[in-house]
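The next block holds one structure in the form of C-alpha cells; read it before the comments.
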Amino acid sequence: MHRLTVWAPDGLPEITPGTDLGAVIGELLAAQELADRPTEGDVVAVTSKIVSKAEGRVVAATDREQAITDETVRVVAVRERPDGPPLRIVENHLGLVMAAAGVDASNTPEGTVLLLPQDPDASARGIRAALRDRFGLDRLGVVVTDTAGRPWRDALVDIAIGAAGISPTDDLRGGTDSHGRPLNVTVTAVADEVASATELVRGKATGRAVAVVRGLARYVSDDAGPGARSLVRPSGDDLFREGSREAYERGLADAHTRAATT
C-alpha cells in the first residue's frame, strides 16, 4: 500500500511587503503537533499570492488591463466579452501561458493588483533554505503554486510555477507498463500534481496558503533541482502557440500580403 497525506494548517498571519516568508512559514509549521511538522522527504506548498505579497509584487493599478499588458510578452488569444474587458490568454515573462498574465486582483487592497513573483524558482529555493535550517532537514521540497485554466477542460487547477528540492517530472520513458508494453511518451508532471492536491486542503478563501505533502519522498532530493521552469514547453514543441481565431486571421493576412506582392 502507498499512502499520500496532505494537510494545510491554520494560523498564517497577514503577509505584507518585506515579510520574511521563510521565517513566518517556519513558525507556522513549528507550532503544529509534532507529527504535523515537516520531516525528511516532505514537500511544502506555498501559494504564489503570499510570495508575491512578501516580495512586494503588489502594485497600484486602477486599470488592471494595463497591468496585464505590462506583464505580457506574447498574446496567444483574445476573446471579446459583452460584460467586461476582453479575455486575454497570454504568455508572461515566466514563460507561462495564462489568462490575464497571472495578474490577480483578489485578496489584495482596492486599487492594487498582485503580479506573479519575479522568479518563483528562486523564491522556492529561499523558502526551502529557511525551512531546512529551521527543522534541521536535508531532503525537503518546496513548490510555489498558482491557479490556471487548461485547454479543452473547464474549471481551474493549481499548478507549480516554482519548485526546489523536488523533481518536477517523473520520466517513465524507456520503462514498461503492467503488461510489458514499452512506455515511449509518458512523463508525469509531479510538481503540478502536488500543487493541485494541496489546493484541495487549502481552499481559496480560507487563509490557508501553506500545505504539507507527505508520502512523495522518492521525488525529493537534497539539491535544489531544475525548478518548475523546466515544465514550460519549448516553443518549438508547442502545437497550439496561437488561438484558432488568431491563427486564422494571421494566415488570411499573410495570404493577402502574398497576393499583393505577386
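Read-outs: derived from the displayed coordinates by stated rules, not from any lab. What you see is a predicted model, and the numbers here were worked out from it, not measured in a lab. Cβ placement follows ideal geometry from the backbone for every residue including glycine, while neighbour counts extend to all protein chains displayed.
Quick one: how many residues across the stretch 134-169 are surrounded by fewer than 19 Cβ atoms within 10 Å (Cβ to Cβ), acidic (Asp, Glu) and either within 19 Å of VAL90 (Cβ to Cβ) or in contact (Cβ under 8 Å) with a residue 12 or more places away in the chain (or both)?
1
Just checking, which of ALA101, ALA129 is within 21 Å of VAL220 (Cβ to Cβ) and either assigned to a helix (DSSP H, G or I) or within 20 Å of the chain's Cα centre (by Cα) (or both)?
Values: ALA101 fails: within 21 Å of VAL220 (Cβ to Cβ).
Going through ALA101, ALA129 in turn, just one is within 21 Å of VAL220 (Cβ to Cβ) and either assigned to a helix (DSSP H, G or I) or within 20 Å of the chain's Cα centre (by Cα) (or both): ALA129.
For the stretch 135-153, give me each residue that is in a loop (DSSP other than H, G, I, E, B), among the hydrophobic types (A, V, I, L, M, F, W, C) and in contact with a helix residue (DSSP H, G or I) (Cβ under 8 Å, 6 or more places away or on another chain). Walk me through how you get there before you give the answer.
Initially, the stretch 135-153 is screened for residues in a loop (DSSP other than H, G, I, E, B), giving 136-140, 151-152.
So of that shortlist, the ones also among the hydrophobic types (A, V, I, L, M, F, W, C) come out as 137, 140, 152.
Result: LEU137, LEU140.
Name the pairs: first residue in the stretch 186-202 and more than 17 Å from LEU156 (Cβ to Cβ), second residue of a type in the set (Phe, Trp, Tyr) and crowded, with 16+ Cβ neighbours inside 10 Å, Cβ to Cβ under 6 Å, at least 6 apart or on different chains?
Partner pairs satisfying both residue conditions: VAL190/TYR219.
Within the stretch 33-53, how many residues are in a helix (DSSP H, G or I) and either surrounded by 24 or more Cβ atoms within 10 Å (Cβ to Cβ) or under 23 Å from the mean Cα position of the chain (by Cα) (or both)?
Kept after step one, since they are in a helix (DSSP H, G or I), are these residues of the stretch 33-53: 34-36, 48-53.
With the extra rule that they be either surrounded by 24 or more Cβ atoms within 10 Å (Cβ to Cβ) or under 23 Å from the mean Cα position of the chain (by Cα) (or both), the set shrinks to 48-53.
Adding up the residues that qualify gives 6.
How many of the residues making up the stretch 245-262 are more than 30 Å from ASP119 (Cα to Cα) and either touching a residue at least 24 places away in the same chain (Cβ under 8 Å) or under 22 Å from the mean Cα position of the chain (by Cα) (or both)? Give the steps one after another, and end with the answer.
Going through the stretch 245-262, the residues more than 30 Å from ASP119 (Cα to Cα) turn out to be 245, 247-262.
Cutting the leftovers down to either touching a residue at least 24 places away in the same chain (Cβ under 8 Å) or under 22 Å from the mean Cα position of the chain (by Cα) (or both) gives us 245.
Qualifying residue count, the stretch 245-262: 1.
Under 7 Å by Cβ, and 6 or more places apart or on different chains, what pairs join a residue from the stretch 58-78 that is part of a loop (DSSP other than H, G, I, E, B) with one that is among the hydroxyl-bearing types (Ser, Thr, Tyr)?
Listed pairs, sorted by first residue: ALA61/THR112.
Quick check, is ALA130 surrounded by fewer than 20 Cβ atoms within 10 Å (Cβ to Cβ), closer than 16 Å to VAL210 by Cα and not aromatic (Phe, Trp, Tyr)?
Working: surrounded by fewer than 20 Cβ atoms within 10 Å (Cβ to Cβ): yes; closer than 16 Å to VAL210 by Cα: yes; not aromatic (Phe, Trp, Tyr): yes.
It is true that ALA130 is surrounded by fewer than 20 Cβ atoms within 10 Å (Cβ to Cβ), closer than 16 Å to VAL210 by Cα and not aromatic (Phe, Trp, Tyr).
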